[in-house]
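For reference, the structure discussed in these notes is given below.
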Amino acid sequence: MAEQLRYDGQVVVVTGAGGGLGKAYATFFASRGASVVVNDLGASSKGEGNNSRAADVVVNEIEAAGGKAVANYDSVEDGDKIIDTAIKAFGRIDILINNAGILRDVSFKNMKDQDWDLIFKVHVKGSYKCARAAWPYFRKQKYGRVINTASAAGLFGNFGQANYSAAKLAMVGFTETLAKEGAKYNIISNVIAPVAASRMTETIMPPDVLALMKPEWVVPLVAVLVHKNNTSENGSIFEVGGGHVAKLRWERSGGQLLKCDESYTPSAVLKKWDQAIDFSNPQYPSGPNDFLTLLEESMKMGPNEQGEKLDFTGRVALVT
Ligand code: NAI
């Protein structure tokens, strides 16, 4: 039988842990030996108001089950205060789960600046502020685990969610960069696009579907990704929900190289269109340098159809 994953002696900060997915993470990690900061502003699902009760209820539940937890009621926009709570209460931080979130769904035609700004404040700025405050501790102790929360809406777009989609895809780029910068300090960052029954989804999914989407069924993947044994998945994107776990990655078509002179016209692009978008020989890029390396490689391919020798003189500076 596989050994039970444990988090004894570790400190986990879960944002938005007063309900839904956050509560499921918080209770799980406390039950596996971690000390948990249960952060929740206690706002409505649209980000209005605040209430300390949401976090208190979860802390009480954890304590009643014999676990260790402390509440924090700050908005994730003040992430430094949330991380401070971890340091003051438990002396360290090992795992950050950026989970807090709100919705301001409205058709793009009717979207107001406030709908856009609030979504970005909570999801993007909130995740940044918490990670930024935890980062010096992670670097110093050469250990850290981060989960950021994206959404299928961010990966694929969704009606009425231009603000939310933009913010959620930002979580992917944010995670991919943290993964690269953190790697040499053993700071591992991954991003999930979860699906779960919560107050966020209870009005948009039918009850029989919601019954298959317990928040608890997102937890095991997150538990694996933030465990000390995970040293391989870093900067990865996962879809998770209803017992389904899958990894996503970027795919680039084989592409076409066109000569950059007066012949490079819109018509020249159209002429090569089918080859440019042909995925039969795909690549799976993982960094900005991949494209430049590709260009360099293409340029070494010898003469083009017109017999011209293409010479790429630019060198690719590899970022370490
Ligand atoms: P939820 O509404 O049950 O939980 C979100 C929690 O975040 C709430 O307790 C809320 O009070 C808290 N919160 C909101 N603004 C906050 C702030 N400024 N500071 C601190 N806490 C704040 O929602 P759910 O479903 O558990 O969502 C968790 C995360 O998963 C969110 O980031 C959401 O966008 C994401 N997500 C959820 C999906 C689902 O199917 N439930 C689908 C895709 C993404």
Boolean, GLY91 is at positive phi, out of contact with any helix residue (DSSP H, G or I) (no Cβ under 7 Å at 6 or more places or on another chain) and touching a residue at least 24 places away in the same chain (Cβ under 8 Å): yes
Quick check on region 1-59: of everything there that is over 29 Å from GLN114 (Cα atoms) and at pLDDT below 95, which residue is farthest from the ligand (Cβ to nearest atom)? MET1
Given (1) in a helix (DSSP H, G or I); (2) within 23 Å of PHE174 (Cα to Cα), ALA268 misses just (2)
Filter pass, GLU202 being within 15 Å of the ligand (Cβ to nearest atom), open to solvent by 50 Å² or more (accessible area, probe 1.4 Å) and not in a loop (DSSP other than H, G, I, E, B): no
Taking region 57-68 and keeping only residues that are surrounded by fewer than 16 Cβ atoms within 10 Å (Cβ to Cβ) and acidic (Asp, Glu), one is left with GLU63
Would you check if ALA71 is more than 20 Å from LYS129 (Cα to Cα), within 15 Å of the ligand (Cβ to nearest atom) and open to solvent by less than 40 Å² (accessible area, probe 1.4 Å)? no
Looking only at region 83-119, which residues are part of a helix (DSSP H, G or I) and either small (Gly, Ala, Ser) or within 11 Å of the ligand (Cβ to nearest atom) (or both)? ALA86, ALA89, LEU118, ILE119
The residue from GLU239, GLU216, GLU262 that alone is open to solvent by 50 Å² or more (accessible area, probe 1.4 Å) and assigned to a helix (DSSP H, G or I) is GLU216
Determine whether region 231-239 contains at least one residue that is within 16 Å of the ligand (Cβ to nearest atom), among the hydrophobic types (A, V, I, L, M, F, W, C) and out of contact with any strand residue (DSSP E or B) (no Cβ under 8 Å at 6 or more places or on another chain). no
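The values are calculated or read from the model by the stated rules, or taken from the named source; none is laboratory data. Since this is a predicted model, take the numbers as computed values, not measurements. Every residue, glycine as well, gets a Cβ built from its backbone with ideal geometry; the counts of neighbours run over all protein chains shown. Only protein heavy atoms, including side chains, enter the accessible area calculation; ligands, DNA and RNA are left aside. Shrake-Rupley method; radii C 1.70, N 1.55, O 1.52, S 1.80 Å.
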